[in-house]
Amino acid sequence: MLKMLRPYLSQFVKNSKIFWALEKKYFFRNPKILGRHACLGAEVLGRLQGGANSVNFQKNRVDHVNRFKSRNLKLIKEEDLREIIVREPIKYCVRRQSKDFHEMREFDFLIIDSFSELADQAFLFDGNVFYSCYSDITEKARANSKLESLGLLSVDRIEDEYRTFFTNVSRQSPKGKIIYLHFPMIKEKREHFLLRAKNIKLALEMLENEFENLYVYSLDNNEADSLNSNDDDNFSYHYDSPVYEEFVRLIVKDFTELKRIA
């Protein structure tokens, strides 16, 4: 019985106020790494020094982070969340949207990837907001009239929302470095996502010139394609190991302290 309950107890502990207080104070150190990333950031971070001690805010879209304190957020209720989201790891990400990103203490590195602004939608359920992919939502919830999609972050707002986010993050940790990773689009066939990725890349090109602490990494399609030759994963945003290792090589070239010690 205990074995069956362990995953649920683990999630309960992780979502408690005590865990949040401890996480803010102790859970990332030497170097202190803060995350706002999906699977690309996770795979890269797992190959860097200090990755195991990082704290991540996956699915916290930058416009949500930017407005966390400035509006009366009515976040999704726990009893609704259990019925709406398909998988437990995604439920954990959605629960994390109730925490203030800027409450985290100073960091050495912030690892952020492009997925949330690329693919996470804002939803209302019974008037309460949450952010996820459409594929994260159960069939039952999709058929519920209480569910309303507010859509992806508007392309017209992407640059300004990132600018606000990077400005606030730089105030939060003046000496911290921001490492931004673009998802390779080599497996994506849907035109609207390809266009969004292009617009995100253009926005980051502008912002990299404005923020001295912002370091942007991407792979061109030919390079990513050649590195991904043995990939057998059907998901458009998962890649073969050499793709992640190339991102690591580029990052460690700029930040030798992140080179993993064997």
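Give me a comma-separated list of calculated 3J(HN,Hα) values for the range 135-148, in order, Karplus coefficients 6.51, -1.76, 1.60 applied at θ = phi - 60°, integers in Hz, x for any Gly or Pro.
Per residue, the Karplus-derived 3J(HN,Hα) values read 5, 7, 9, 5, 4, 4, 5, 4, 8, 7, 5, 6, 8, 10 Hz.
Taking amide hydrogens as modeled 1.01 Å from N in the peptide plane, which residues meet the under 5 Å criterion relative to L110, leaving out close sequence neighbours?
Close amide H contacts, sequence-distant or interchain: L34, K177, I178, I179.
Given (i) 89, 27, 17; (ii) 27, 23, 20; (iii) 41, 19, 18 as candidate values of semi-axes √(5λ) of the Cα gyration tensor in Å, which corresponds to the one derived from the coordinates?
The value computed from this structure is option (ii).
Arranged by the count of other C-beta atoms within 10 angstrom, fewest first, what order do D254, D80 take? Mind showing how you got there, number by number?
Details: D254 11, D80 17.
Going from sparsest to densest Cβ surroundings: D254, D80.
For the chain, what does the relative contact order come out to in percent, with C-alpha contacts under 8 Å and a separation of six or more?
Details: 377 pairs, mean separation 55.1, N = 262.
That works out to 21 percent.
Treat the count of other C-beta atoms within 10 Å as a stand-in for reagent exposure and order T167, T256 from fewest to most. Walk me through the numbers on the way to the answer.
Details: T167 14, T256 9.
By the 10 Å Cβ count, ascending: T256, T167.
Which value in deg cm²/dmol, rounded to the nearest 500, describes the helix-derived mean residue ellipticity at 222 nm for the chain, given -39,500 (n - 2.57) per DSSP H run of n ≥ 4 and division by the residue count? Write out the running numbers ahead of the final one.
Details: 12 runs with 119 residues, N = 262.
Result for the chain, helices only: -13500 deg cm²/dmol.
Considering the Cα trace of the range 173-233, what is its radius of gyration and what is Dmax, both in angstroms?
Over the range 173-233's Cα set, Rg and Dmax evaluate to 14.0, 42 Å.
Can you put I158, I90 in order of Cβ neighbours within 10 angstrom, beginning with the fewest? Kindly include the intermediate steps, with their values, before the conclusion.
Details: I158 22, I90 19.
So the ranking, lowest neighbour count to highest, is I90, I158.
Under 20 Å Cα-Cα from K32, which aspartates and glutamates qualify once same-chain neighbours fewer than 8 residues away are excluded?
Within reach: E23, E43, D100, E103, E106, D108, D113, E212, D254, E257.
With θ taken as phi - 60° and the coefficients 6.51, -1.76 and 1.60, list the Karplus ³J(HN,Hα) couplings across the range 181-190 in order, rounded to whole Hz; mark glycine and proline as x.
For the range 181-190, the Karplus curve yields 10, 8, 5, x, 10, 5, 9, 7, 10, 7 Hz.
No value in this document is a laboratory result; all are computed from the given coordinates. It should be emphasised that the depicted structure is a prediction, and the values quoted were computed from it without experimental measurement. Neighbour counts run over all protein chains shown; Cβ positions are idealised from the backbone, glycine included.
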